[in-house]
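Each reported figure results from applying straightforward, stated rules to the coordinates on display, with no laboratory input. Note that the coordinates shown come from a computational prediction; the quantities given were computed from them, not determined experimentally. When we count neighbours, we look across all protein chains shown, and the Cβ atoms used for this are built from the backbone with ideal geometry, even at glycine.
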Amino acid sequence: MAKQLPRSKVIMHWITATSVFFLFVSSWWMLSLPLPSDVFTYRQLPFQLHKNIGITLLAIVVTMIAMRVYGREQSIQANKTRLEKLADVDHLLTYFLLIACCISGYLSSAYSGWETTLWWLVDLPGWSEENDDLNILFSDIHLWTCWALLAVVALHISAALYHAFKDDGVIDKMFRL
Ligand code: HEM
Ligand code: HEM
């Protein structure tokens, strides 16, 4: 039987999956709205929501990584099968890309000249002047890391479906609280 993951890890996994789904959908929604002016301010809410959820996600992902590194759930297991090693690579890549997406998004936003108020409560330090070149650079990195994340997540969900059809208990880890 597959090893039980801590309940907090399972909850954080599903918050992460839902947030990533929301961030993709919200990005297409917010970018299709008219550019801001005195008359049109529609973009503000979806941009703030995207940034708030993205920054919160960064904190959740860092916690999940810390649990993986320092927690007891990932017992050092010798003789891993090829599929288990592949799953480790997939998780490592997913974590790396989640962090890259969040940091590039934050940097792109920081150089755009628009401030970020986390959950409309805490003003994040505006530690840089507006800079169009750097805004475009980090915006491009944000776009490409997000597409790479989408590809890795597609692989991850395909693997989850494979295990579900095989009924080998791997998928149960993420559905058992
Ligand atoms: C896993 C986390 C994230 C995902 C999957 C994600 C996804 C996306 C996607 C798909 C776009 C559209 C890109 C385009 O078509 O140009 C976008 C745009 C954007 N995102 Fe994120 N995002 C994440 C985190 C963040 C964070 C943490 C911030 C800022 C604090 C942020 C700020 C922005 C901004 C300002 C844009 C507008 C375009 C740009 O300047 O790059 N994102 N995001
Ligand atoms: C955007 C969507 C998703 C993201 C970003 C994501 C991310 C992750 C990450 C980072 C891990 C590693 C957790 C650890 O440190 O142990 C993981 C594990 C896992 N995920 Fe997802 N996941 C997503 C969607 C899904 C879906 C839709 C399913 C199932 C239908 C799923 C099933 C699993 C399972 C079963 C594991 C444990 C695998 C194992 O321990 O070998 N995930 N996921």
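Worth pointing out:
- Residues W14, W28, sorted so that the one with the fewest Cβ neighbours within 10 Å comes first: W28, W14
- Farthest toward positive dipole pole in the range 7-174 [+1 Lys/Arg, -1 Asp/Glu at C-beta], among L107, L86, L121: L86
- Debye-formula intensities of the chain, expressed as log10 I(q)/I(0) at q = 0.08, 0.10, 0.12 Å⁻¹, are -0.31, -0.47, -0.65 (one equal scatterer per alpha-carbon, no solvent).
- Extreme residue, positive dipole direction of the chain, given options N131, H142, F165 (C-beta unit charges): F165
- The range 7-174: Lys pairs at Cα distance under 25 angstrom, eight or more positions apart or on different chains: 9
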